[in-house]
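The values are calculated or read from the model by the stated rules, or taken from the named source; none is laboratory data. All values derive from a computational prediction rather than experimental measurement. A quick note on method: Cβ atoms are made from the backbone with ideal geometry, for glycine too, and the neighbour counts reach across all protein chains shown. Note: areas computed on protein heavy atoms with side chains; ligands, DNA, RNA excluded. Shrake-Rupley method; radii C 1.70, N 1.55, O 1.52, S 1.80 Å.
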Amino acid sequence: MGCAISGLAAKAEFGERSREDAAAAYPSEDQVQMIKDSWKVIRDDIAKVGIIMFVRLFETHPECKDVFFLFRDVEDLERLRSSRELRAHGLRVMSFIEKSVARLDQLERLEALALELGKSHYHYNAPPKYYSYVGAEFICAVQPILKERWTAELEEAWKTMFQYVTSLMRQGYQEESNRQRQLALSPKDRPEKRNTAL
């Protein structure tokens, strides 16, 4: 495995955070610049990083495969490495990371993006407990690509970004869960909406 934050350590590094923590965890200006600079190098290998990230995720957290219908019964990780479906999903995740990096200077757009992704994950039946694992595996996958550019400060910057984004995704998931619960109630069980217009 070879990455210090893999497996159980990922839970501590990318632990559950509340919405209030998210604001405090937003990357500093220096961290934003470090992330953007490193992304320019990572971007050249996004398909490779996406595959490595998910193969590592399934190695360290095999229970995550249950969320992915296509990969649920695949035991051979080598077969996964050559899977077109895994490559496509890895590219979608990398595209989200790329959009997140691009929006680091546009807080409202970044928040909207992450909240929406959390809401969509409710419909994919992908619970928030798995979100932080992806950030940990991303960091492990990009270290060899960045080689001597990788520093403790850069690792902390990426961790901060992933903690911020995953906290927003959790919030979006919870909002959608609450909305679906309200929709499932019969009209007589729903809380009354009072007309507050004067």
For the stretch 52-198, divide the Cα radius of gyration by the Kirkwood radius and give the resulting Rg/Rh value with two decimals.
-> 1.07
Packing-based order for 78-90, 155-167, using average beta carbon neighbours within 10 Å, highest first = 155-167, 78-90
Quick one: if you stick a label point 7 Å off each Cα along the C-beta vector at Lys40 and Glu75, how many nm between them?
-> 4.7 nm
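Loop-only chymotrypsin sites (Phe, Trp or Tyr not before Pro) in the stretch 27-73, please: DSSP not H, G, I, E or B, and at most 14 other Cβ atoms within 10 Å.
Numbers: sites: Trp39, Phe54, Phe58, Phe68, Phe69, Phe71; in loops: Phe68, Phe69, Phe71.
Those that pass, being in a loop and sparsely packed, are Phe69.
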With all protein chains in place and a 1.4 Å probe, Tyr124 shows an accessible area in Å² (nearest 10) of 140 Å²
Long-range lysine pairs (8 or more apart or interchain), the stretch 61-198, Cα under 27 Å = 14
